[in-house]
1. Quick one: which of 364, 376 is crowded, with 16+ Cβ neighbours inside 10 Å, under 25 Å from the mean Cα position of the chain (by Cα) and modelled with pLDDT under 85?
2. Does the stretch 402-424 contain any residue that is assigned to a loop (DSSP other than H, G, I, E, B) and over 22 Å from residue 215 (Cβ atoms)?
3. Hand me the list of helices (runs of 4 or more DSSP H) wholly inside the stretch 179-282 holding 2 or more residues that are assigned by TED's automatic domain parsing to the domain that holds residue 304 and free of Cβ contacts under 8 Å to residues at least 24 places away in the same chain.
4. Do we have any residue at all in the stretch 345-361 that's within 17 Å of residue 210 (Cα to Cα), exposed (fewer than 15 other Cβ atoms within 10 Å of the Cβ) and modelled with pLDDT under 85?
5. Of the residues that make up the stretch 84-101, is at least one closer than 28 Å to residue 156 by Cα, at pLDDT 80 or above and either within 25 Å of the chain's Cα centre (by Cα) or assigned by TED's automatic domain parsing to the domain that holds residue 139 (or both)?
6. Does residue 158 satisfy the criteria of being in the same structural domain as residue 28 (by TED's automatic domain parsing) and within 24 Å of residue 15 (Cβ to Cβ)?
7. In the set 132, 89, 149, 121, which member is touching a helix residue (DSSP H, G or I) at 6+ places or on another chain (Cβ under 7 Å) and under 16 Å from residue 17 (Cβ atoms)?
8. Checking the structure you have, find out if any residue of the stretch 124-137 is loosely packed, with under 13 Cβ neighbours inside 10 Å and in the same structural domain as residue 13 (by TED's automatic domain parsing).
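The values are calculated or read from the model by the stated rules, or taken from the named source; none is laboratory data. Computed from a predicted structure; not experimentally measured. Here the Cβ is made from the backbone with ideal geometry for all residues, glycine too, and neighbour counts use every protein chain on show.
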C-alpha cells in the first residue's frame, strides 16, 4: 500500500464530494416528489395557501420542464463525485483503493442518496414536494440550466416521435377517476357516501332518459274531459304533484296539470270544470337523450315534468326532475311514497343468490351485487328475462344467461316484479 500524506487539496476534494452527494440526494427527492404530485393535488395545496405551493402548481402543469434537468443534475452530481473519489483513493491507496472506493461509493450513493430520499418522498409526498418545488423552480430559471433543459426536451421529443409517434398528453379516464375515489375511500380519506356520489356523477354523463324514466304503463294521468275534482283526487291518491292530461289516449298528451293549481281551482268553486281547460304546456324529449343535458332543459323550460317519446313519436313514459336528481343522490322518498323500490329490500344470501326487483337497471344491479349480467337492447332485469323468455313468462319459470340462472319469483299482470339470480356453479 502506498503511504501518502493528507493535503489541503484532499480535504477540498472530500468536501466537494460530500456537497455533490447531498445535492444528488436532494435532486432525487425532488424528482420523485414532483413527478408523483398530480396537477389536482398541486392546485389543492395552492388553494390552501401553503408555502411553496405556488411553485409546485407551476411545475405540475408541465412535468417535462423539470424532469430532464433534474435527471441531468442527479447524473452530473453522481458522476463528478465518483470521479473525485476515484482520484482521491487512487492517489492515496493506489489501484486497490480505487476498486474499494468505487464499490463503497456505489453502495453509499444507492442507499443514502437514492433509496432513502426517494422513499422519504413517497412517504411524505406533500412535504417533500413543497420543499423541493421552490428550489427547483429557481434552478430552472438559471440560464445555462434553462438552455440545457430546452435542448434535452427537444431531443427527447424527437426520440419519442422517432420511436413511437408524436408525444401526446394523457387524459384521465372516467374509470381512473372512479378508481381514485375507491382508493380514497379505502384509505378513509372520503366517506362511502362521497365515493358513491363521485361514481354517480361520472356514470350520470352516460345515462339516457329511457333508463330512468317512468314507463308509460306506470304513468298516472287524467283525461281532458274529466273534472278538476277527479284530477285532484287522483293526484292526491297517487302522491303525484303533476299529471299528464290525455286527449285521445296515452300517445296524445295535451299538457300537464299541477296539483297546486287544481287545489286553487277547487278553492274557487270550479271543481266541476274540465281539466282540459286548465292544463299547462307540456314538453317532449326523446328516450335516447342524455340525462345530463336534460338538466339544462328543465332549467330552460321551467318545468319539472317532460313526456318521453320513442322513435315513432309515441309516448314511452315520463321523466321528472326528481327522477334525474335520484340518479345523482339516490332514492328520494317522502311521506307520500307508499311503495318505494329500495335496494335494501332486496335479499341476498351467502351463496351468491340474490332476489331483486325486475324494475332495477342492469348496470346498477351489476355494480351493487358484483354481477356480470348481459345487457344488449334492454335496460332492466325484467327486460332481460322477457328477452330470454321470448314472451311473457310465468312464476317459477327460469332461464340461463351466461353463468347465471334467472327465476321469475313474482309477476303483476305481464310485468316481472321479482327475479331470483343465482350463479350456475351453485346450482
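1. Working: 376 fails: crowded, with 16+ Cβ neighbours inside 10 Å.
Unique residue meeting the criteria: 364.
2. yes
3. Details: elements: 192-204, 209-212, 228-238, 259-267.
Passing ranges, in order: 228-238, 259-267.
4. Keep residues of the stretch 345-361 that are within 17 Å of residue 210 (Cα to Cα), which gives 358-361.
The next check asks that each one be exposed (fewer than 15 other Cβ atoms within 10 Å of the Cβ); those that pass are none.
Looking for residues that are within 17 Å of residue 210 (Cα to Cα), exposed (fewer than 15 other Cβ atoms within 10 Å of the Cβ) and modelled with pLDDT under 85, one finds none in the stretch 345-361, hence no.
5. no
6. no
7. Residue meeting the stated conditions: 89.
8. From the stretch 124-137, those loosely packed, with under 13 Cβ neighbours inside 10 Å are none; that's our starting set.
Scanning the stretch 124-137 turns up no residue that is loosely packed, with under 13 Cβ neighbours inside 10 Å and in the same structural domain as residue 13 (by TED's automatic domain parsing).
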